[in-house]
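First comes the structure, then the notes that go with it.
The values are calculated or read from the model by the stated rules, or taken from the named source; none is laboratory data. What you see is a predicted model; the values in this text were computed from it and never measured. In this analysis, Cβ positions are derived from the backbone assuming ideal geometry, glycine residues included, and neighbour counts consider all displayed protein chains. The area values use the complete protein model at the heavy-atom level, side chains included, leaving out ligands, DNA and RNA. Shrake-Rupley method; radii C 1.70, N 1.55, O 1.52, S 1.80 Å.
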Amino acid sequence: MTKKRLLLLSNGSDLIGDNPTEFAHGAVRDFLGAVVRRVLFVPFAAVTRSEDEYAVKVRRHFGPLGYEVESLHEAADPRAAVEAADAVAVGGGNTFHLLRGLYRSGAVEAIRARVEGGMPYVGWSAGSNVACPTIRTTNDMPIVEPPTFAALGLVPFQINPHYTDAHPPGHMGETRDERLSEFVHANPGVRVIGIREGTMLRVEGAEISLLGGKPARHFLKGEEPRDIAPEESFGFLLR
């Protein structure tokens with residue numbers, strides 16, 4: 001029986017933005033609970049702001065929730081830092097930059113093993129995407145080249161954070177649905193779930209639920225893309 005526990009948010013500003021929502025803060029408190037004290041933050045998705053600045057911002061929001069935050073970029077021994085943490089939080093930004101930083105830190109296998117063993121994982125935006133088998137459903141520009149697109153593989157499906165079905169007037173490029181339909185066409189059997197802003201997926205062992213009151217969008221080759229409401233079952237994603 002799997003012990004994995006993950007909280008995967010679409011939008012980081014709901015959690016650590018200038019006007020964070022009580023819903024996001026409450027979801028994190030409920031997920032991490034009172035047992036967790038030391039959260040290891042992974043800031044490698046930061047590009048135009050420094051990792052120091054990113055860590056300060058996360059401490060400012062996680063501290064009032066009752067959690068002490070250490071940042072992986074400050075660790076003399078990244079693997080030891082992962083082993084000592086009660087939970088890991090992986091921030092949003094550029095997904096390619098994040099994945100390259102994770103591999104450079106040497107902490108990929110340690111994080112994967114701890115989460116497989118039950119250590120809680122909180123990720124937002126890019127941090128949600130790297131929980132997937134690969135980062136190939138990110139929306140980000142490949143501003144750097146990680147050694148591989150293979151990510152942490154904590155869930156067996158792909159996430160598209162910030163999913164939207166909006167089509168602005170005059171926009172002549174592909175819609176998000178078209179891009180994700182191309183992905184599943186090129187990768188038969190791989191499921192993609194698009195999570196809208198203000199929503200998150202919570203994984204508790206063999207159970208998964210959608211929080212936030214908005215439907216998610218499901219893509220699979222051979223099926224029409226469809227919305228799945230929060231009250232419906234998402235268990236098929238883990239099988």
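Screening segment 202-231 for residues that are touching a residue at least 12 places away in the same chain (Cβ under 8 Å) and acidic (Asp, Glu) and picking the one that is most open to solvent (accessible area, probe 1.4 Å) gives 207.
Selection of segment 28-42 for residues being at pLDDT below 95 and among the β-branched types (Val, Ile, Thr) yields only 35. When segment 165-197 is limited to residues that are under 28 Å from residue 120 (Cβ atoms) and in contact with a helix residue (DSSP H, G or I) (Cβ under 9 Å, 6 or more places away or on another chain), the one that is surrounded by the fewest Cβ atoms within 10 Å (Cβ to Cβ) turns out to be 197. Of the residues in segment 98-106, at least one is farther than 30 Å from residue 177 by Cα, touching a helix residue (DSSP H, G or I) at 6+ places or on another chain (Cβ under 9 Å) and open to solvent by 20 Å² or more (accessible area, probe 1.4 Å). Filtering segment 49-94 down to residues that are out of contact with any Gly (no Cβ under 9 Å at 6 or more places or on another chain) and among the β-branched types (Val, Ile, Thr), which residue is surrounded by the fewest Cβ atoms within 10 Å (Cβ to Cβ)? So the residue we want is 56. The set of residues from segment 79-103 being free of Cβ contacts under 8 Å to residues at least 40 places away in the same chain and not acidic (Asp, Glu) comprises 79, 80.
Can you find a residue that is surrounded by fewer than 16 Cβ atoms within 10 Å (Cβ to Cβ) and more than 13 Å from residue 8 (Cβ to Cβ) anywhere in segment 129-140? Within segment 129-140 (the criterion being surrounded by fewer than 16 Cβ atoms within 10 Å (Cβ to Cβ) and more than 13 Å from residue 8 (Cβ to Cβ)), the answer is yes, since at least one residue qualifies.
Being touching a residue at least 24 places away in the same chain (Cβ under 8 Å), farther than 17 Å from residue 119 by Cβ and basic (Lys, Arg) holds for only one residue in 3, 57, and it is 57. Here the strands (runs of 3 or more DSSP E) wholly within segment 119-232 that include at least 1 residues being acidic (Asp, Glu) are 200-204, 207-211, 226-228.
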